[in-house]
Protein chains: 2
Amino acid sequence: MTALDDRSVQPTVTTGPVMGSQKVYHEVSDPDSARPLRVPQRRVALDNGSHIDLYDTSGPYTESSADVDVHAGLARTREPWIRDREPVNGAVTQMAYAKAGVITPEMRYIAAREGMDPDFVRSEVAIGRAVIPVNRCHPESEPMIIGKSFLVKVNANIGNSAVTSSVAEEVEKMVWATRWGSDTIMDLSTGKRIHETREWIIRNSPVPVGTVPIYQALEKVDGDPARLTWEIYRDTVIEQAEQGVDYMTVHAGVLLRYVPLTARRVTGIVSRGGSIMAAWCLAHHQESFLYTRFEELCEIFRRYDITFSLGDGLRPGSIADANDEAQFAELRTLGELTHIARAHDVQVMIEGPGHVPLHKIAENVRLEEELCGEAPFYTLGPLATDIAPGYDHITSAIGAAQIAWHGTAMLCYVTPKEHLGLPNRDDVKTGVITYKLAAHSADLAKGHPRAQEWDDTLSTARFEFRWQDQFHLALDPETAQSFHDETLPAEPAKTAHFCSMCGPKFCSMKITQDVRRYAEENGLSTVAAIDQGMRDKSAEFAEHGQRVYLPMAESE
Amino acid sequence: MTALDDRSVQPTVTTGPVMGSQKVYHEVSDPDSARPLRVPQRRVALDNGSHIDLYDTSGPYTESSADVDVHAGLARTREPWIRDREPVNGAVTQMAYAKAGVITPEMRYIAAREGMDPDFVRSEVAIGRAVIPVNRCHPESEPMIIGKSFLVKVNANIGNSAVTSSVAEEVEKMVWATRWGSDTIMDLSTGKRIHETREWIIRNSPVPVGTVPIYQALEKVDGDPARLTWEIYRDTVIEQAEQGVDYMTVHAGVLLRYVPLTARRVTGIVSRGGSIMAAWCLAHHQESFLYTRFEELCEIFRRYDITFSLGDGLRPGSIADANDEAQFAELRTLGELTHIARAHDVQVMIEGPGHVPLHKIAENVRLEEELCGEAPFYTLGPLATDIAPGYDHITSAIGAAQIAWHGTAMLCYVTPKEHLGLPNRDDVKTGVITYKLAAHSADLAKGHPRAQEWDDTLSTARFEFRWQDQFHLALDPETAQSFHDETLPAEPAKTAHFCSMCGPKFCSMKITQDVRRYAEENGLSTVAAIDQGMRDKSAEFAEHGQRVYLPMAESE
């Protein structure tokens, strides 16, 4: 019996389209196959007859007639792709293929998804500036890419702890997080049923799944770090690899000699994995097996195409500790390990802080790129201040937008419960939406070719008083509409040519519409000509009794 | 009968200390007076016996035995200061005194509040790089300063609209906003009882009050911009000046020739005041009275010491329109007007956008400083993306932190209801807290001498598992504690040496405490010595059965 046969687990997952959106698939021809690739998009149809297609992470759950059987798992779409290709130099990794000049179906799929050239995708993977986390044992996932040349991605952490949530809840949290845009999820489960929970998540996840194997290894030694061994860890990694984990956080940069560097810190070691490895190093007074056996780990990873997420076990946990010697010493070691992994054709990304004031953020990216050969940077926030527990999704979104603009490729979300408690379903949504807007802010600043179209479409709808379109184009349509309805609940207000802030009598947008309409009607194309139009407009105002803002009934 | 005699208005305002805090006053001697200045602070007493005093904006409402009579208004503390000084060159402005080398009690008070030298305060005001908004008719206010060398300030907009809120509600909103840290408030009331609402707010406000006089002037002409005249506007300004308005937004930079520059924009003119003035210019086909009568306005302002907040009527309302010709053309005009006002010894700040992508933010500050002689910049956000209605407190906090780091002196808050509806009480609090954390992030990045102490104190409390201290030091202690209690409601959890995320079995902070305690006990002062300590620690771990994380009962 596999985990999914367990009928005592009955996840209820959210299905159906996001309000005002429709799931569509773009068909992309694949020269290696008779069947086209089907790339998902979230289509928002607008009241003016046009539409916009947005990047979509939500899997089949948001199809209009979603036929979901969580006991069967998602369709294994990638299975034939994986089956039909030979290893390159013994590796089945996207990096190995990329270096060999092969454009995989995954790369082609991603190129369509991002609006990029397939060979550019290949070349970014070949040099390690981007990664495609796709364990061959997770054929259900929709290929995606993490790299500074592409859309900034967002990860959501889920996972049960000893008491607080069930397997079914975690499956729904995964579906829920991807519904709102999470590009990957990490299962950080501890406690009981860790294997089964992960199996349920992976078999039903349309996005890559990451883990921190040391957590499960620690459970196997009853929570005593000193009893951890390479063999226990290795077996845990293989167990998770076989399940299909796409990327794994490995805190291999916590060296014995770095531990004392944390002694004078305000907040010492705040990474769970980092503290486990530091405890091991102290107990044994030697370098950890993650470091000494790193090449053996690479050999395992290359057989599955698991991506390293080299963990920052010594990341700063407070503003005071940002950019200190402990942090950057570890980063240098992560750089060494990156080059070793790449020599094995294994993909690598690098985890980053944490808590960093605004003026120290750019240095993190610069050093990471320099030391780690531009491996994709994957940061947690960073929080730009420590003084706002309860609002750390915001303190960290400030830092996240900034660091992503400078080149971070994926952002790990932070929820309002950070430092205080475990996120519930609402917190997960708030965390994901907050990070999507931070990531998108960075996409705009980086000039991603598809980013600004979304803003412009929404702002045009706003300007033209197409309220429903404005809601539907929002990252979170439900919240946008419910906030509007709090002030002006009636249905006519959604077609009204004013908003609740200024009321019908005077509205700043209306005058510009008058100005613009006049310009267009008269075919004016230069500022000078428009200026002439202004003169006529002046006369027209007088004709209409000098009233710019007509009562609503008249303006309809 | 004055407005406050109206017993039909019965505001219920929030009083008493913020959770875990105590209002204290630092006494500062004033060479010009027998009585010391009493500078308010929010004192947080910590469980370890120490305390920290934080900048406080909340007025007497947060005293432990607050004796508040809203019908009487606050004490007129500044009255003797104002009475006891002669005009300089006919002006009673802080700028006039500063230029004449006079350190006013207001400057001395501010110096103590900010931890700066009084003569430095004076010199910043003299050159116009900082403003002290203190209408001589608002003697109830506690002096504060807005300038890039000082703590970044936050403004909250309040004000009733035609139907949705009463006078009493607005008074409470003012008290509520300042309780959470709003440094100034703007009363943007429209509709009925605009004069009475403002009177109630000013008489009870411990912070400077700003307005946009054109709103009230427009009410006087039944909402028809074309019927506005200089005389109606001037009389409105004087009416508000006599009430004690400390700063006024004046959209004097909207010139006729700039209006056509907005015709091709995605969102045209989004400023309410800007659209009113544009409508006036179009209707009359001439420059507005705000521009042509600007020097007369300066003469009024200098008699009261009202600070100009030169409005950005042509600010961008979308990412697409950021940093365009309309916006910067107006900014150049605001620069001209700044120099005119200063020649009249009138203080000036400059309003800024709006909606700006991250990579275009710095240019806004650079140009503003260059064109407007480093007059304090006062920005609304800016929003770093348009796609997240319902979350625009966050999209704008991202931009706000960034622009404040670059030099913006005051941030106008944005609430979650922006673009959608009118903020309620919860939204006001969310907006203020969000902006305080953004402002503080900038203070940290700018290296304000008092900023990081707060973060370090909170992070130390976090590291030492002083949960109550962590809550009390938070910008919003109530939310921090309630989030914690959702996961671990029991009282013992607040003294527990673990947090709800990792549980009692393994906690990353605990190991560092072990490391550090060992180092301290052994008087180790160098990294090398700590390293030796690590060796001993290794042996100690073995002695304790290799268990780093002792069960909770034992660790107590």
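Just a few scattered comments:
- Calculated label separations, residue A:325, copies of the chain, 7 Å along the beta-carbon direction, nm: 5.7
- The protein assembly as shown, helix-only ellipticity at 222 nm - DSSP H runs n ≥ 4, -39,500 (n - 2.57), divided by all residues, nearest 500: -13000 deg cm²/dmol
- The ratio of the alpha-carbon radius of gyration of the protein assembly as shown to the globular-protein estimate 2.2 N^0.38 Å is 0.96.
- Where the protein assembly as shown is the region considered: accessible area per residue in Å², 1.4 Å probe: 32 Å²
- When the charge dipole of chain B is built from unit charges on Cβ atoms (+1 for Lys and Arg, -1 for Asp and Glu) and taken about the Cα centre, the candidate among B:8, B:415, B:328 whose Cα reaches farthest toward its positive end is B:328.
- For segment B:306-364 versus segment A:386-435, the gap between their alpha-carbon centres in whole angstrom: 31 Å
- Counts of other chain beta carbons within 10 angstrom of each beta carbon in peptide A:453-462 average 6.
- Area accessible to solvent at residue A:372, 1.4 Å probe radius, in Å²: 0 Å²
- Percent accessible area from carbon and sulfur atoms, chain A, protein chains only, probe 1.4 Å: 49 percent
- Lys, Arg +1 and Asp, Glu -1 on Cβ, resulting dipole of the protein assembly as shown about Cα centre, debye, nearest 20: 480 debye
- Using R0 = 51 Å, the C-beta based FRET efficiency linking residue A:64 and residue A:229 works out to 0.50.
- Only the Cβ atoms of Lys and Arg (+1) and of Asp and Glu (-1) were treated as charged; on that basis the dipole of segment A:441-486 about its Cα centre amounts to roughly 220 debye.
- The residue among A:190, B:157, B:483 whose Cα reaches farthest toward the positive pole of the charge dipole of the protein assembly as shown, with charges on the beta-carbon of Lys, Arg, Asp and Glu, is B:157.
- For residue B:74, net neighbour charge (Lys/Arg +1, Asp/Glu -1) across residues whose Cβ lies under 10 Å away: -1
- In plain terms, the bigger the Kirkwood radius, the slower the diffusion; for segment B:24-120, with that radius from Cα pairs, at 10 °C and 1.306 mPa s, Stokes-Einstein puts D at 102 µm²/s.
- Global geometry of segment A:223-333, whether rounded, prolate or oblate, following the gyration tensor of its Cα atoms and the 1.5 cut on a/c: prolate
- Residue by residue, segment B:66-75 carries 3J(HN,Hα) couplings of 5, 10, 10, 10, 5, 6, 8, x, 6, 4 Hz when phi is fed to the Karplus relation 6.51 cos²θ - 1.76 cosθ + 1.60 (θ = phi - 60°); x denotes Gly or Pro.
- FRET efficiency, residue A:7 to residue B:343 (Cβ-Cβ, R0 60 Å, nearest 0.05): 0.10
- Note on residue A:325 and residue B:295: the model spin-label points, each 7 Å out from Cα along the C-beta direction, lie 6.5 nm apart.
- Hz values of 3J(HN,Hα) by residue in segment B:27-36 - Karplus curve (6.51, -1.76, 1.60), Gly and Pro given as x: 8, 10, 6, 10, x, 8, 8, 6, 9, x
- Calculated diffusion of chain B, Stokes-Einstein form, Kirkwood radius summed over Cα pairs, 4 °C and 1.567 mPa s, µm²/s: 52 µm²/s
- Nearest-first distances (nm) between copies at residue A:80, label 7 Å from Cα via Cβ: 9.1
- Principal axis extents of the Cα atoms in segment A:137-244, from largest to smallest and rounded to whole angstrom, are 42, 30, 22.
- Look at the alpha carbon pairs under 8 Å that are at least 6 residues apart: their mean separation over the length of chain B gives a relative contact order of 13 percent.
- Computed lengthening from residue A:478 to residue A:363, 0.36 nm per intervening residue step minus Cα-Cα distance: 37.6 nm
- Copy-to-copy label distances for residue B:363, where each label lies 7 Å from Cα along Cα-to-Cβ, are 2.9 nm in order of increasing length.
- Placing a label point 7 Å from the Cα of residue B:48 along the Cα-to-Cβ line, no residue of segment A:388-403 has its backbone N under 17 Å from it.
- For the pair A and B, total buried accessible area rounded to nearest 100 Å², probe 1.4 Å: 10100 Å²
- Only Lys, Arg (+1) and Asp, Glu (-1) charged, at Cβ; segment A:246-399 dipole about Cα centre in debye: 360 debye
- When Rg and Dmax are taken over the Cα atoms of segment B:331-412, they come to 13.3, 44 Å.
- Between residue A:83 and residue A:222, the modelled label-to-label distance comes to 4.6 nm, taking each label 7 Å out from Cα in the direction of the beta carbon.
- For segment A:136-289, with +1 on Lys and Arg beta carbons and -1 on Asp and Glu, the positive-most of A:266, A:226, A:176 along the dipole: A:266
- Relative packing of B:133-141, A:423-431, which averages over residues the other C-beta atoms within 10 Å, highest first: B:133-141, A:423-431
The values are calculated or read from the model by the stated rules, or taken from the named source; none is laboratory data. Keep in mind it's a predicted model, so treat the numbers as computed, not measured. Ideal geometry is used to build each Cβ from the backbone, glycine not excepted, and the neighbour counts take in all protein chains shown. All accessible areas refer to the heavy atoms of the entire protein, side chains included, with ligands and DNA or RNA removed. Shrake-Rupley method; radii C 1.70, N 1.55, O 1.52, S 1.80 Å.
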